[in-house]
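Take a look at the structure below.
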Amino acid sequence: MTCPAILTGDQFLTRVLGHIDCQAAFLGSYGWQALGQPGSLAATVMTGLLTLFVALFGIRLLFSPAPGARDLVGDVIKIGIVLTLAFSWPAFRTLVHDVVLDGPGELAASAGAPILSQEADLTQRLQQADNLMLRLVEQGTGRQTGAYFDADNPGGTFQGQALEDENSFGLARLFYLAGLLGSYGLLRIVAGLLLALAPLAAGMLLFEATRGLFAGWLRALVLTLIGAAAVSVVAVAQIAILLPWLTDALRLRALGYATPAAPTELLALTLGFALIQFGAIWLMGKVAFNRGWISLPTLPDLSTQIIQSSMTNRSEPAPAFVQSRSQRLVDHMETQLRREESFASERTDHRLLTRGGDTAAPAGAVSAGGRMSEPLGSSWRRTTQRRSSAATRRDKG
């Protein structure tokens, strides 16, 4: 496969972009076929991985519980994906190869349909802008003529220019070419390399320990696809701005007027779009390598909250008034006295119930109705007056 040679001068940008596309297609197609052909090292490794996967599946059927329908279908799908990516070039070319390499160009063509004509595609438009830039560099800004188109407006003269004309034009074309070739070449060459490694990456899908490698390969392939599409769309927007600006600047120079603001404006345009192109690649990388969907917290139902709050308000008693410290002390003392009286009553009842040998119940015994016959403390009260021996002899005498 012969790629177009790169020559200096005319059609430089077109030749370089075409050569990059050719190298990416060559690397993706011939690299895949070299790894996937029968007898190659990659084909042998893939055959061994498939054999090991089938053997492990059979061992699991013999010595483990039967797998569910979901696991069985998942394993069959894995084998189908591996066979498609590693051993079927027609299916791989239709599903993956052509989509990755040709999809961004088709997307850019549809997005830039109002700008691009049927006679000229995006590459030709980019080359046309480079040619107009070269003509403007050759004609210069007209500093020596002194014929200003509108000297009263800001930027109408050379007094406000901080950069030299030749340096500004040279850096502007440098940023224009470097931004396009750097971003476009990076994505296309990496895409060709990833497509060539597809037979080896497919085998990583079979086992849980190596599945992360397959996921990384697939994410990088998605990055090359959406990144190339983003760079192509940015190039379409750049052409939509640069072509009218270059045409107007050349028209003024053809009329003999000076263009003092042209160098700085062209440098700002080319440098800005070069940064936008690499920024678009970075942003597409964030999209391709995102770990998952951002989960938002679940908001509770408002009606459910209202019903629960109403039920809580109905079931809970009304809040008691705040008691003073003295009132709390009084309540505590009353509670303590009640506990002591209850404890003394229980001891008396236990002593009465455990007395034996008495034929008649004491005066403080508990009646059948469960009430005390006498108040507490009256059952052991003395029935006779206590008198000393001296008082008794005195009374008898």
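What follows is calculated from the coordinates using simple rules that are stated; it is not laboratory data. Note that the coordinates shown come from a computational prediction; the quantities given were computed from them, not determined experimentally. Every residue, glycine as well, gets a Cβ built from its backbone with ideal geometry; the counts of neighbours run over all protein chains shown.
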Other-chain or far-sequence residues with amide H under 5 Å of A258's (modelled H)
A147, Y148, F149
If you put +1 on each Lys and Arg Cβ and -1 on each Asp and Glu Cβ, how big is the dipole of the stretch 13-288 around its Cα centre, in Debye rounded to 20?
820 debye
How big is D for the stretch 13-288, in µm² s⁻¹ as a whole number, if Stokes-Einstein is applied with the Kirkwood radius of its Cα pairs at 37 °C and 0.692 mPa s?
149 µm²/s
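Using Cα pairs closer than 8 Å and at least 6 residues apart in sequence, work out the relative contact order for the stretch 13-288, in percent. Walk me through the intermediate numbers first.
Details: 310 pairs, mean separation 93.8, N = 276.
Computed value for the stretch 13-288: 34 percent relative contact order.
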What does the highest-first list of 225-235, 82-92 look like by mean Cβ count within 10 Å?
225-235, 82-92
If you place +1 on the Cβ of every Lys and Arg, -1 on the Cβ of every Asp and Glu, and leave all else neutral, what size is the dipole of the stretch 1-79 about its Cα centre, to the nearest 20 Debye?
240 debye
Spread of Cα-to-Cα distances over 5 Å intervals beginning at zero, given as percent, for the stretch 193-263
3, 14, 14, 11, 9, 7, 7, 7, 6, 6, 6, 5, 3, 1, 0
For the stretch 9-63 and the stretch 164-182, what is the separation of their C-alpha centers, rounded to whole Å?
38 Å
